[in-house]
Amino acid sequence: MKNPKYDYSKLKSKIVEKYGTQKEFIGKIDMASTTFIQKLKSNKFNQQEIEEIVTILDIPLEEIPEYFFSIKS
């Protein structure tokens, strides 16, 4: 699969569950709001960003694929 499109709906739900809004969540990470939104659209999270997001949202390591690598159908 050359350039898969990932489904971040579970990630977005977890953000709302823990912080109420994306805006509140983005205030907790080291990333500008526009950058975060663009990364959701472009599937371009790097390993360090994933590690930070997983830590802040208390996502178990074994669940990372569900949040970041589920392919859109």
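The values are calculated or read from the model by the stated rules, or taken from the named source; none is laboratory data. Since we're looking at a predicted model, the values are computed, not measured. Note: ideal-geometry Cβ built from the backbone for every residue, glycine included; neighbour counts use all protein chains shown.
State yes or no: is Y19 in contact with a Leu (Cβ under 7 Å, 6 or more places away or on another chain) and of a type in the set (F, W, Y)? Outline the logic, then answer.
Values: in contact with a Leu (Cβ under 7 Å, 6 or more places away or on another chain): no; of a type in the set (F, W, Y): yes.
Judged against the criteria, Y19 is not a match.
Which residue out of E66, E62, E51 is closer than 27 Å to K2 by Cα, in contact with a Lys or Arg (Cβ under 7 Å, 6 or more places away or on another chain) and among the acidic types (D, E)? Walk me through how you get there before you give the answer.
On the way: E62 fails: in contact with a Lys or Arg (Cβ under 7 Å, 6 or more places away or on another chain); E51 fails: in contact with a Lys or Arg (Cβ under 7 Å, 6 or more places away or on another chain).
Within the list E66, E62, E51, the selection yields E66.
Would you list the helices (runs of 4 or more DSSP H) that sit entirely within the chain and hold 2 or more residues that are β-branched (V, I, T) and at negative phi? Write out each step before concluding.
Working: elements: 9-19, 22-26, 33-42, 47-57, 64-68.
Where helices (runs of 4 or more DSSP H) fall fully within the chain and carry at least 2 residues being β-branched (V, I, T) and at negative phi, they are 9-19, 33-42, 47-57.
For every residue, the table says whether it meets (1) within 12 Å of the chain's Cα centre (by Cα); (2) free of Cβ contacts under 8 Å to residues at least 24 places away in the same chain; (3) surrounded by 11 or more Cβ atoms within 10 Å (Cβ to Cβ).
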{"site": "I26", "(1), (2), (3)": "yes, yes, yes"}
{"site": "D30", "(1), (2), (3)": "no, yes, no"}
{"site": "I37", "(1), (2), (3)": "yes, yes, yes"}
{"site": "K41", "(1), (2), (3)": "yes, yes, no"}
{"site": "Q47", "(1), (2), (3)": "yes, yes, no"}
{"site": "E52", "(1), (2), (3)": "yes, yes, yes"}
{"site": "E62", "(1), (2), (3)": "no, yes, no"}
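Name every residue in region 1-24 that is closer than 20 Å to K72 by Cα and surrounded by 11 or more Cβ atoms within 10 Å (Cβ to Cβ), in order of residue number. Walk me through how you get there before you give the answer.
In the first step, residues of region 1-24 are kept if they are closer than 20 Å to K72 by Cα; the result is 1-15.
The answer is P4, K5, Y6, D7, Y8, S9, K10, L11, K12, S13, K14, I15.
Taking the condition of being modelled with pLDDT of 95 or more and touching a helix residue (DSSP H, G or I) at 6+ places or on another chain (Cβ under 7 Å), how many residues in region 9-25 meet it?
Residues that pass the stated criteria total 7.
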